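The values are calculated or read from the model by the stated rules, or taken from the named source; none is laboratory data. Since we're looking at a predicted model, the values are computed, not measured. Counting neighbours? That spans all protein chains shown, and the Cβs are built from the backbone with ideal geometry, glycine included.
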Amino acid sequence: MEEGRFCQWTVFRSILAILQWWGFNVTVIIMNKWIFQKLDFKFPLSVSCIHFICSTIGAYLVIKVLKLKPLIVVDPEDQWRRIFPMSFVFCINIVLGNVSLRYIPVSFMQTIKSFTPATTVVLQWLVWRKHFDWRIWASLVPIVGGILLTSITELSFNMFGFCAALFGCLATSTKTILAESLLHGYKFDSINTVYYMAPYATMILAVPALLLEGVGVVQWFQSHTSILSALVIIFGSGVLAFCLNFSIFYVIHSTTAVTFNVAGNLKVAVAVTCSWMIFRNPISAMNAFGCGVTLVGCTFYGYVRHLLSQQPPPVTTASTPHSPRSLKELVPLVNDKLDDKL
């Protein structure tokens, strides 16, 4: 009886974790698009900087004031040598995501973001000479095919926004790969990652945002009629962006890898649907089909990764110098679960 109740509670907790993760994720995306489109606050560097400031304050409150998570101590030298380079790539990732939201619909941007597994595999294969199981490569076919179909049939296509989203995928892959190599020995969770990276990201973005967008922001303040309500939405998106990171940590510990992957792809479908209902951006039948093919490919990719992770490491011998040295060379060295999104 007690075991049955425990199973029911586990299932309920997993569903609750996924729903609140979906809620924060979709809300942040919709709010950012609303800021750029409806509020006419077309300053992606400034929006990203505000998000990082809110995340810096939030992580400090969680770790130092509320003490909900223990602080992972990192040597000052390691902070500059390891964390600062990741923070720089982290900035590029977030800024490119916000830039793409300014120019292309949420549905198109979310579909392109699903291209990240492909960029991760290709980047590791080209730069780090990693070897991957043939099933990993096969799972990339529907992802790439779906992206191509969606791009060709996108009715609101914008080349600048498309390139920003595509390079954002590359930045995401680079960031997560660097996290594995640079933070070796530090078992970071989402909150500690934000605690260390957000202040550096704020410093990196503050000067460019001031120089490139400062005049525009001042003009926006002078011309906008409802400043208070607009600022509530802008800073509210920053608070929700931090909550999103906290929700990622919760959902990781409440679901399995396969469930997380499937839920992540369904989250994209939810975001696409919600954005269409709010912004009414035109979506053709072939465009929707391409998005569906991409999500199926991402689900298959996650399933293959799960299968390979369950296999024992291959036995290597001196006669097979080109064999993978460990299971880590069979699957990407990327923990999709800890892919923090601000």
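Every test in (1) closer than 22 Å to Gly23 by Cα; (2) of a type in the set (A, V, I, L, M); (3) crowded, with 18+ Cβ neighbours inside 10 Å is passed by Val232 save one, and that test is (3).
Of all residues in the range 94-152, those that are among the polar types (S, T, N, Q) and not in a helix (DSSP H, G or I) total 1. One residue stands out among those in the range 278-301 that are surrounded by fewer than 21 Cβ atoms within 10 Å (Cβ to Cβ) and of a type in the set (Gly, Ala, Ser): the one that is nearest to Ser139 (Cα to Cα), which is Gly292. Give the number of residues within the range 137-161 that are at pLDDT 90 or above and closer than 29 Å to Phe246 by Cα. Count: 1. Screening Val239 on (1) β-branched (Val, Ile, Thr); (2) touching a Phe, Trp or Tyr at 6+ places or on another chain (Cβ under 7 Å); (3) at pLDDT 90 or above; (4) surrounded by 14 or more Cβ atoms within 10 Å (Cβ to Cβ) shows it passes everything except condition (2). Checking the stated criteria, Ser87 turns out to be closer than 21 Å to Leu210 by Cβ, touching a helix residue (DSSP H, G or I) at 6+ places or on another chain (Cβ under 7 Å) and at pLDDT below 90.
Quick grid of which residues meet (1) crowded, with 20+ Cβ neighbours inside 10 Å; (2) without any contact (Cβ under 8 Å) to a residue 40 or more places away in the chain; (3) closer than 30 Å to Thr56 by Cβ; (4) over 19 Å from the mean Cα position of the chain (by Cα):
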{"residue": "Ile94", "(1), (2), (3), (4)": "yes, no, yes, no"}
{"residue": "Phe108", "(1), (2), (3), (4)": "yes, no, no, no"}
{"residue": "Thr120", "(1), (2), (3), (4)": "yes, no, yes, no"}
{"residue": "Leu155", "(1), (2), (3), (4)": "no, no, no, yes"}
{"residue": "Cys169", "(1), (2), (3), (4)": "yes, no, yes, no"}
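Taking the condition touching a Leu at 6+ places or on another chain (Cβ under 9 Å), in contact (Cβ under 8 Å) with a residue 12 or more places away in the chain, within 30 Å of Val218 (Cβ to Cβ) and basic (Lys, Arg), does Lys33 pass? In short, yes. Count of the range 40-77 residues, restricted to those that are among the acidic types (Asp, Glu) and either touching a residue at least 24 places away in the same chain (Cβ under 8 Å) or surrounded by 18 or more Cβ atoms within 10 Å (Cβ to Cβ) (or both), is 1.
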